[in-house]
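Q: Structure in C-alpha cells, see below.
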Amino acid sequence: DEKNADSSKQAHKLTVGSPASEKHSDASDYLKSIVYGGLDGIITTFAVVSGAAGGGFGIEVVLVLGFSNMFADALSMGMGDALSTKAQNAAIMKEREREAWEFESYPEGEIAEMVEVYTKKGMNEEDAREIVTKMSKYKDIFLDTMMV
C-alpha cells in the first residue's frame, strides 16, 4: 500500500545510511506527453475516418486514411514533443547561466532574493537568511534551488 506508514519506514530501513536513494517512479515524467499525444491521435484519426466514411469512400480508402493519419500523428507528436522539450531545456539553461552570472556579480542580491522566496512561503526571515547563507557556500546547489 503506497500510503502505509509502516511500509514507508521499512523501505527507508532497507537503505540505511542513504535515505536519498529511495526510488520513485519516473512514469509521471511522460504522463503529459502520453495523454496529450493519445487524445490528439484518437480525435484526429476519428475525424479523418468519420469524414472519409461519411463521404462515401470505400472501406479500403477509409482504412488507408486512418492508418496513414495515425502514422503521421505519431511522427508529428513525437517530433513536436522532442523539439519543444529541447527548446524548453535550452531556455532553462540560458536562465541558469543568467542566474549564475548574477550570483557571481552580486551574491548579496541573489541571497536576498532567495530569502524573500522562503519568507513568502512562510519561513521567518531569520531562518530563511541562515539557510540561504549556508546554501550560498555551494554555488551549484544554490543555483539549482533558484531554478526550482
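Q: LEU65 fails exactly one of the following numbered conditions: (1) within 27 Å of the chain's Cα centre (by Cα); (2) open to solvent by less than 100 Å² (accessible area, probe 1.4 Å). What is the number of that condition?
A: (1)
Q: Report, by residue number, each residue of segment 83-105 that is closer than 17 Å to THR145 by Cα and not hydrophobic (A, V, I, L, M, F, W, C). It would help to see each step written out before you state the result.
A: Here is the first cut: in segment 83-105, the residues closer than 17 Å to THR145 by Cα are 89, 91-104.
ASN89, LYS94, GLU95, ARG96, GLU97, ARG98, GLU99, GLU102, GLU104 - these are the residues of segment 83-105 that are closer than 17 Å to THR145 by Cα and not hydrophobic (A, V, I, L, M, F, W, C).
Q: When both residues are 6+ apart or on different chains and their Cβ atoms are under 8 Å apart, which pairs have a first residue that lies in segment 54-82 and is of a type in the set (Gly, Ala, Ser), and a second that is in a helix (DSSP H, G or I)?
A: Once the first residue is of a type in the set (Gly, Ala, Ser) and sits in segment 54-82, its partners that are in a helix (DSSP H, G or I) give GLY66/THR45; GLY66/VAL48; GLY66/VAL49; GLY66/ALA52; ALA74/GLY37; ALA74/GLY41; GLY78/GLY37.
Q: List pairs: first in segment 123-134 and within 14 Å of GLU108 (Cβ to Cβ), second assigned to a helix (DSSP H, G or I), Cβ under 7 Å, 6+ apart or cross-chain?
A: ARG129/VAL115; VAL132/ILE111; VAL132/MET114; VAL132/VAL115; VAL132/TYR118; THR133/ILE111
Q: Among the residues of segment 93-116, write down those that are of a type in the set (A, V, I, L, M) and within 13 Å of PHE142 (Cα to Cα).
A: Filtering segment 93-116 for residues of a type in the set (A, V, I, L, M) gives 93, 100, 111-112, 114-115.
Matches in segment 93-116: ALA100, ILE111, ALA112, MET114, VAL115.
Q: Next question. Could you please find all residues in segment 106-128 being farther than 18 Å from VAL148 by Cβ and open to solvent by 100 Å² or more (accessible area, probe 1.4 Å)?
A: TYR106, GLU108, GLU125, GLU126
Q: Here is a check on your reading of the model: is MET70 open to solvent by less than 70 Å² (accessible area, probe 1.4 Å) and not charged (D, E, K, R)? Reasoning before the result, please.
A: Numbers: open to solvent by less than 70 Å² (accessible area, probe 1.4 Å): no; not charged (D, E, K, R): yes.
It is false that MET70 is open to solvent by less than 70 Å² (accessible area, probe 1.4 Å) and not charged (D, E, K, R).
Q: Do you know which residues across segment 73-100 are of a type outside the set (Asp, Glu), surrounded by 12 or more Cβ atoms within 10 Å (Cβ to Cβ) and modelled with pLDDT under 95? Let's see the steps before the verdict.
A: Our first condition is that a residue be of a type outside the set (Asp, Glu); within segment 73-100, this holds for 74-80, 82-94, 96, 98, 100.
Checking the rest, the ones that are also surrounded by 12 or more Cβ atoms within 10 Å (Cβ to Cβ) come to 74, 76-78, 80, 96, 100.
If the condition is that a residue be of a type outside the set (Asp, Glu), surrounded by 12 or more Cβ atoms within 10 Å (Cβ to Cβ) and modelled with pLDDT under 95, then ALA74, SER76, MET77, GLY78, GLY80 are the ones that fit.
Q: Does LEU39 satisfy the condition of being over 30 Å from MET147 (Cβ atoms) and at pLDDT 95 or above?
A: Numbers: over 30 Å from MET147 (Cβ atoms): yes; at pLDDT 95 or above: no.
Here the answer is no, as LEU39 does not meet what is asked.
Q: Which condition number in (1) touching an Asp or Glu at 6+ places or on another chain (Cβ under 8 Å); (2) without any contact (Cβ under 8 Å) to a residue 12 or more places away in the chain is the one that LYS137 fails?
A: That leaves (1) as the condition not met.
Q: Whether any residue in segment 12-31 is open to solvent by less than 100 Å² (accessible area, probe 1.4 Å), at pLDDT 80 or above and of a type in the set (Gly, Ala, Ser) is what I want to check.
A: Checking segment 12-31: at least one residue is open to solvent by less than 100 Å² (accessible area, probe 1.4 Å), at pLDDT 80 or above and of a type in the set (Gly, Ala, Ser).
The values are calculated or read from the model by the stated rules, or taken from the named source; none is laboratory data. Remember, it's a predicted structure, so these values are computed and weren't measured experimentally. Because the Cβ atoms are built from the backbone with ideal geometry, glycine has one as well, and the counts that use them run over all protein chains shown. Side chains included, ligands, DNA and RNA excluded: accessible areas come from the protein's heavy atoms. Shrake-Rupley method; radii C 1.70, N 1.55, O 1.52, S 1.80 Å.
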